[in-house]
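Encoded as structure tokens, the structure appears first; notes follow it.
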Amino acid sequence: MRRVGEQPVLVGLQVAFPQSKFFHLDRSDLDHIVETLNQKPLGKPTLYAEPLIRLIKKLEGCGGNLKKMMDGDPELAEAVAEVCVTRWMPSTNRTAYLVLQPSWEHILKRELTPEQVDRMRPERYAALLFHVGTLNPEWDKLAGPCKWKHCGKYFLLKGNRRTAYCSRRCCQLDAASRYTEKRLQTEHADKLQRAEEAARRWRTARTKDDWKASVSKQEPDITPKFLTRAVNKGELKTPTKGRKP
């Protein structure tokens, strides 16, 4: 909570965007950025989250080199720079301080039609969040998306150690998922190998069964449906009676 008499870092932001609470360049600001990044009410990023995610990914694509990112896209650099202006503010003692003030004429583009404003504002608002975020001393603690395939959330690191997961639970679930996937792959490969061996025996066996029925009798856990899928995927070839593979 902002203390009485303390100047907000972003003057007037809460007026145009009541949901925003940028008062200081501290952890709470990053919490709001993370909240925006993780907005997926219908399973997809919102209009405000999507452009911010693109900016974060673009920065990652430049190896975290913000200068490289901006030098490579002058139009983007101009857009991010112009959404905020720095103001000199005197204090009640002998010193002064700087505050950031949103440049609403660039964010809202008031000269445009209401329909154009609705399309433009998410992009400019994302630029505002990105602008403020990069000035935050804890900006490097922003991480994500979480590596667990059913999570994918952005998060803030609790310490200096980098991690690919937003929580211990996601780390455990991902490890369990990878173990299960590897086990299933091993079991699948084993079934294919046993199916090929059983099919070779069927070629020379005296039986009226077709090859799928014969393989299933030899290997009860291998069903005709499994063999059909394997053939359709190109994992097995349909054997011919009396011929060597």
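Scan the range 225-245 for residues that are over 40 Å from the mean Cα position of the chain (by Cα) and either of a type in the set (S, T, Y) or part of a helix (DSSP H, G or I) (or both) and the total you get is 2. Applying the set (1) not in a helix (DSSP H, G or I); (2) not assigned by TED's automatic domain parsing to the domain that holds A143 to R162 leaves exactly one unmet item: (2). Among the residues of the range 35-47, which ones are crowded, with 19+ Cβ neighbours inside 10 Å and either touching a Gly at 6+ places or on another chain (Cβ under 6 Å) or within 25 Å of V99 (Cβ to Cβ) (or both)? Of everything in the range 35-47, those that are crowded, with 19+ Cβ neighbours inside 10 Å and either touching a Gly at 6+ places or on another chain (Cβ under 6 Å) or within 25 Å of V99 (Cβ to Cβ) (or both) turn out to be T36, L37.
Summed over the range 161-189, residues that are surrounded by 12 or more Cβ atoms within 10 Å (Cβ to Cβ) and closer than 28 Å to K225 by Cα total 2. If you scan the range 47-82, which residues turn out to be in contact (Cβ under 8 Å) with a residue 60 or more places away in the chain, more than 17 Å from A143 (Cβ to Cβ) and of a type outside the set (D, E, K, R)? Passing the criteria: L47, Y48, P51. A single entry from K212, K217 fulfils the requirement of being over 30 Å from K141 (Cβ atoms) and either in contact (Cβ under 8 Å) with a residue 60 or more places away in the chain or touching an Asp or Glu at 6+ places or on another chain (Cβ under 8 Å) (or both): K217.
Determine whether the range 169-180 contains at least one residue that is part of a loop (DSSP other than H, G, I, E, B) and not small (G, A, S). Checking the range 169-180: not a single residue is part of a loop (DSSP other than H, G, I, E, B) and not small (G, A, S).
The values are calculated or read from the model by the stated rules, or taken from the named source; none is laboratory data. If you're wondering where the values come from, they're calculated on a predicted model, not measured in any experiment. As a convention, Cβ positions derive from the backbone with ideal geometry for all residues, glycine included, and neighbour counts pool all protein chains shown.
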